[in-house]
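The values are calculated or read from the model by the stated rules, or taken from the named source; none is laboratory data. Every value quoted in this text rests on a predicted model; they were computed, and no experiment measured them. Cβ placement follows ideal geometry from the backbone for every residue including glycine, while neighbour counts extend to all protein chains displayed.
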Amino acid sequence: MMLRAHLRPASAQWLATLYAALVSLGISVLLARRMGPEAFGTYFYILGTVTLLATLQNAGFSTLLLRERISATPALAALAPVLPGLALGHLLAVTLAMMLGTWLLLPFPEAVRLTCGIFCFGTISLSLQVSARLKSAGDFYGEARWQIYGRTFSALSIAAVATLTVPTSSAVLACWGGALLLAYLLWPFRDSKVRPLFHLEPAVYRASLGFLWIDLTTNIYHRIDIVILHHFLGDTPAVGHYAVAYRLFDGIVLLIAPIASICFRELRLVWLKPAALRQLSGKLLLAALGCGLLLAGGGYFAAPAAVKLFFGASYSGASAEPAGWLFLGLAFIVPNAVLTQLAIATNRERCYAWAACFSALLNILLNFSLIPAHGIIGAAWATIITEAGLGLTLYLAMIRQQSFAAPPA
């Protein structure tokens, strides 16, 4: 009965994520074919740059919401009911401030492009907050509906722009953000509307600071490769080829998210029971390691054919090899997902933050070392080594030292 109880919400999450991943892949294919390798590489570079800025918009609140509304930390128990409003107030204030700063500091063309990106990622952060509230309440079916709802709105708007015109980065980002905002305003289900609160709560920001740092460092080592590639190679088709390979790889990584969310909730529910926590985390880690190895082996051989099938012959040659290498990283990414959920569920986000910081620095050094000599293949190698380094660091901190035996309050 317990297995069936977990399989049902897991199935709903997988189906929703599979839908979102397939739709996202379809949109990426459409944009890549319409833009061509050079323009698509530029678009992916803008996405990477704005992703780093968007860390301040989210500020770790989506993760904090998820954790504290499942089982509140004693120091934050009194503030748990107002956390959604505080999160929304922060998002609105920071987004508006960033937009204003953009228009004051940058010339017109750059300001338009960056404003569209800030707006788009602001609505993405809003979507993450809705997902966090639904998941924390155990409403995985409602969260699955929200995923499908939001992804459908945004995909239709992007597809319309890409089909009717030659798409630009600004137009795609503006339509993406506008569609997500419209989806939020029309969302018919419960627990979707929250009034923003704009007063500061130091305890909340102290708690979210670790998650903000985690998001920043994680985004750095996930996106800095495209920024460094753009620095060394400029607006060349090679950057677009790597963007296509990474987009395919990223779609598979997205499918890991549902199981990671359910694992997190189960780990958080036993976070104050060391024996049960140790047993559950061990089982989850072994299962994740086996799945990661299977996905890595299959993906390495299937990725080149998938690139040609989805993105066409113009990408198949130069994008195939980095795609294969990137998929080998799944051997580390899947167990890393369990380790990161374990760290956050046991209030050891500082441990995760230091591991993520190490990984970000390692990734930057590897990219600067490998890209000049090996180009986009070097960027793929840097991703694999970084994920291995993150996994080793988290393993030593969370498992070998058994640091979760007495979770802090």
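Look at Gly89 and say whether it is closer than 23 Å to Val172 by Cβ and either among the small types (Gly, Ala, Ser) or over 23 Å from the mean Cα position of the chain (by Cα) (or both). So Gly89 does not fit the description; no. The single residue among Arg151, Arg133 that is assigned to a helix (DSSP H, G or I) and modelled with pLDDT under 90 turns out to be Arg133. The residues of region 349-371 that are farther than 10 Å from Tyr221 by Cβ and either crowded, with 22+ Cβ neighbours inside 10 Å or touching a Phe, Trp or Tyr at 6+ places or on another chain (Cβ under 6 Å) (or both), listed by number, are Glu349, Cys351, Tyr352, Ala353, Ala355, Leu370, Ile371.
Residue count for region 162-203, restricted to those that are part of a loop (DSSP other than H, G, I, E, B) and either of a type outside the set (D, E, K, R) or modelled with pLDDT of 85 or more (or both): 16. Quick one: would you say Thr393 is crowded, with 16+ Cβ neighbours inside 10 Å, modelled with pLDDT of 90 or more and either in a helix (DSSP H, G or I) or more than 20 Å from the chain's Cα centre (by Cα) (or both)? Judged against the criteria, Thr393 is not a match.
For region 372-390, the tally of residues that are part of a helix (DSSP H, G or I) and buried (at least 20 other Cβ atoms within 10 Å of the Cβ) stands at 11. Applying the criterion of being part of a loop (DSSP other than H, G, I, E, B) and either within 16 Å of Arg195 (Cβ to Cβ) or at pLDDT 80 or above (or both) to the residues of region 59-72, the residue that is farthest from the chain's Cα centre (by Cα) is Ala59. Is it the case that some residue within region 326-335 is modelled with pLDDT under 85, in a helix (DSSP H, G or I) and small (Gly, Ala, Ser)? Within region 326-335 (the criterion being modelled with pLDDT under 85, in a helix (DSSP H, G or I) and small (Gly, Ala, Ser)), the answer is no, since none of the residues qualifies. Total residues in region 101-135 satisfying the condition of being more than 18 Å from the chain's Cα centre (by Cα) and not β-branched (Val, Ile, Thr): the figure is 13. Pairs meeting the criteria (first residue in region 218-233 and within 15 Å of Asp250 (Cβ to Cβ), second residue part of a helix (DSSP H, G or I) and of a type in the set (Asp, Glu), beta carbons under 9 Å, at least 6 apart or on different chains) are Tyr221/Glu387; His222/Asp250.
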